[in-house]
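Shown next, in structure tokens, is the structure this report addresses.
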Amino acid sequence: MPLLEVENLIVEFPTRRGLLRAIDEVSFTIDPGEVLGVVGESGAGKSLTGAAIIGLLEPPGRIAGGQIRLNGARIDTLSPERMRPIRGRQIGAIFQDPLTTLNPLYSIGRQLVETMQTHLPLSDRDARERAIQWLEDVGIPAARHRIGAFPHEFSGGMRQRVVIALALCAEPRLIIADEPTTALDVSIQAQIIALLKRITREHGTAVMLVTHDMGVIAETADRVAVMYAGRIAEIGPVRDVVLTPAHPYSEGLMGSIPSLEHRVDRLRQIDGAMPRLTAIPQGCAFNPRCPKTFARCMTERPALLPAGPTRSACWLHAEAAPHV
Amino acid sequence: MFAFILARILQAIPVLLTVAGISFALFAYVGDPIAQMLGQDFTLAQREAVVHALGLDQPLYVQYIKFVWSALHGEFGLSYRLAKPVGTLILERLPATMELAFCAAMLALCIGVPLGVYTGIRRNGALARFIMILSLIGVSLPTFLIGILLILIFAVLLGWLPSFGRGTLTVVAGYSTGLLSLSGLKALILPAITLGLFQMTLIMRLVRAEMLEVLRSDYIKFARARGLSTRAINFGHALKNTLVPVITVVGLQLGGLLAFSIVTETVFQWPGMGLLLVQSIAVADIPVMSTYLLLIAVLFVAINLTVDLLYYAVDPRLRLNRRSLTGRG
């Protein structure tokens, strides 16, 4: 059974000009221990999907339809009091900027101990020992000595290591990592990704890795979901999506990764920009930028259909799939 | 830590010397003490004798040094009006003002901070909005009007509380206090509310604004994502982060309460320093005025030092870095 099932998730924002649909019928699953990469441009709905799963959508945003199930049980309808013990214990989260995600007034040890004691029956002494272990585990040198240090005494990369320890310390089954390396120096990014990979594998934690960096996905994820304008454009094993993308948008994304093997004069880019939520075109949302449009793309919105090893929301593959 | 305190005290010296200069200048430029002492009828020789006896014919800087020297020894001269040593006079009045200001500040803090937290957390709630509207009254009504309204309601119409004075006083170790008798406590209520109401609404609005800011921050979002309890998030993580600006304002306001309780003390005929100052200004009682000025300067310096020490206690980022910064990467 999958660990997490997201089915036809819809997230809407009421605005003065009516309802904005930021996530439109998104469905995917994550198996225990699996790493699902979620890629797409800014505003494609990647982070919102993560926020919806963990139950921390910023009002007035709200889940307007669909289901989110954890171990088969719905969590999208839980009251805040019932959802709170799930956060941290079942689903953890890592955010983008480690410089702002740690409370500046408390020592990192205190923040770790507080988090563990919220979820696990640990004495002060055991919690402290475990905190030291976690810090060692995420590669903080002299952890025993530095447990009383405050966030400002660490560099950005070190702070992100602390954030990872905090997200994992109550041993959740799933981690939602929302752009965990975007705010870091390039030289640090690889270290943090390697750490995240190692430590989640050791603990058997599944990861939903939200990023716009295809390189990170290719290196880390088992499967990848490509999001565009609030929908999933393509989802499938990372190898297939990277090497033989079925959706023209995924193809464009992969084409924009610089290659070391092949010499290219210019990087390919996708012309134009993602439509705003207020102005999503009729038919396929990608049609204004797609090099392969035909009549059907302009009128009908494609559903996510099997396209070889992946599933793709593109009419190009409709013939291969049974009609719906 | 010790070096920090020492540095702050050294910094305070020029401030205090400047204020002493202004206090000193009061004697030279406000009124003529000789004329006040000699009365209507005197000869030029008599005047010169007095001038010489008081040392007023010496160069200004010598007079200034003498002034500072005697101030350091607690000698502030005699009040023209009451013919008593100013030091004694102020010491007699100080407890009344201290008690009033302390109670007003406690009232402002103990009600202002929780209300600020509440209105910050339930920012769209009906009760929170109602409190915010009420708080506008506290911010906008002048102190004397609030005092008079309170007297009208609670002293005149209802007759529950006295309208003036300090009630029965008890002397404890040479310090007269109204806190130990029922009538003293009753007498304190209306002036304390009058004096504290503005500060209370100010603190409340400040805490609310800071809470709204902090609750939006990433570390609060991360604390929620870790499943911490609402209580731990609101009071442990959010409120503590609002404290630095709140301490700044409360410190300055407390100085303000002590120094400028003049209006409240006048309305309630509260026998404190504010009332003494108003009475002294009316008759140009320069020694009292100049000593008052000095005292307030000392109080502000002391409060600012306390505020700095509190920052130091609250925010680890301000502490001198004694830990090694190993493990940067």
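The values are calculated or read from the model by the stated rules, or taken from the named source; none is laboratory data. These figures come from a predicted structure and were not determined experimentally. A quick note on method: Cβ atoms are made from the backbone with ideal geometry, for glycine too, and the neighbour counts reach across all protein chains shown. Heads up: the accessible areas ignore ligands, DNA and RNA and are worked out on the full protein's heavy atoms, side chains in. Shrake-Rupley method; radii C 1.70, N 1.55, O 1.52, S 1.80 Å.
A few remarks follow.
- Averaging Cα coordinates gives a centre for region A:2-60 and one for region A:77-119; these two points are 20 Å apart.
- Acute angle (nearest 10 degrees) that the helix B:44-53 long axis makes with the longest principal axis of chain B, alpha-carbon atoms: 50
- The ellipsoid equivalent to the alpha-carbon distribution of region B:150-243 has semi-axes of 43, 17, 11 angstrom, derived from the gyration tensor eigenvalues as √(5λ) and listed largest first.
- Nearest-ten-degree value, helix B:182-215 long axis tilted from longest Cα axis of chain B: 50
- Surface accessible to a 1.4 Å probe, residue B:118 within the full protein complex, Å²: 80
- Protein-only accessible surface at a 1.4 angstrom probe places the residues A:212, A:152 in the order A:212, A:152, largest first.
- Contact order relative to length of region B:93-318, as percent, for alpha carbon pairs under 8 angstrom and 6 or more apart: 28
- Rolling a 1.4 Å probe over the protein heavy atoms leaves residue B:315 with an accessible area of roughly 10 Å².
- Cα pair count fraction exceeding 20 Å, expressed as % - region A:100-209: 36
- When B:133, A:30 are compared by accessible area at a 1.4 angstrom probe, the order from most to least is B:133, A:30.
- Counting every C-alpha pair in region A:10-160, the share spaced more than 26 angstrom apart comes to 41%.
- Peptide B:303-316 - average C-beta neighbours from other chains (10 Å radius): 1
- Here the extension length gained between residue B:183 and residue B:38 equals 47.8 nm, from 0.36 nm per residue of separation less the Cα-Cα distance.
- Built amide H within the under 5 Å cut-off of residue A:307, gap 5+: A:312
- One Cα centroid belongs to region B:243-274, the other to region B:151-206; the line between them spans 14 Å.
- Cα convex hull, region B:2-72: 90 Å³ per residue, rounded to a whole number.
- Spin-label pair residue A:239/residue A:31, simplified geometry with 7 Å Cα→Cβ offset, distance in nm: 1.4
- With helices as the sole contributors, the protein assembly as shown gives -16000 deg cm²/dmol at 222 nm; each DSSP H run of n ≥ 4 counts as -39500 (n - 2.57), and the sum is divided by every residue.
- The angle separating the long axis of helix B:126-140 from the principal Cα axis of greatest extent in chain B is about 10 degrees.
- Rounded to the nearest 0.05, the FRET efficiency derived from the C-beta distance between residue B:172 and residue B:91 at R0 = 25 Å is 0.95.
- Cross-link partners of residue B:240 among lysines (Cα-Cα below 26 Å; sequence separation of 8 or more within a chain): B:221
- Summary value for chain A: 20 percent relative contact order, contacts being C-alpha pairs under 8 angstrom separated by 6+ residues.
- Per principal axis, descending, Cα span of region B:38-134 in whole Å: 78, 29, 22
- As a length-normalised measure over Cα pairs under 8 Å and 6 or more apart, the relative contact order of region B:254-313 settles at 28 percent.
- Distant alpha-carbon pairs in chain A (separation over 26 angstrom), percent: 50
- Computed log₁₀ I(q)/I(0) - Debye formula, equal Cα scatterers, no solvent, region A:1-80, q 0.27 Å⁻¹: -1.45
- Counts of other chain beta carbons within 10 angstrom of each beta carbon in peptide A:103-115 average 5.
- A convex hull fitted to the Cα coordinates of chain B yields 196 cubic angstrom per residue.
- Only one residue of A:204, A:233, A:256 has its Cα farthest out toward the positive end of the dipole of region A:185-305, where Lys and Arg carry +1 and Asp and Glu -1 on Cβ, and that residue is A:233.
- Reduced Cα scattering model of the protein assembly as shown, Debye log10 I(q)/I(0), q = 0.08 Å⁻¹: -0.78
- Accessible heavy-atom area order of A:271, B:32, highest first, probe of 1.4 Å: A:271, B:32
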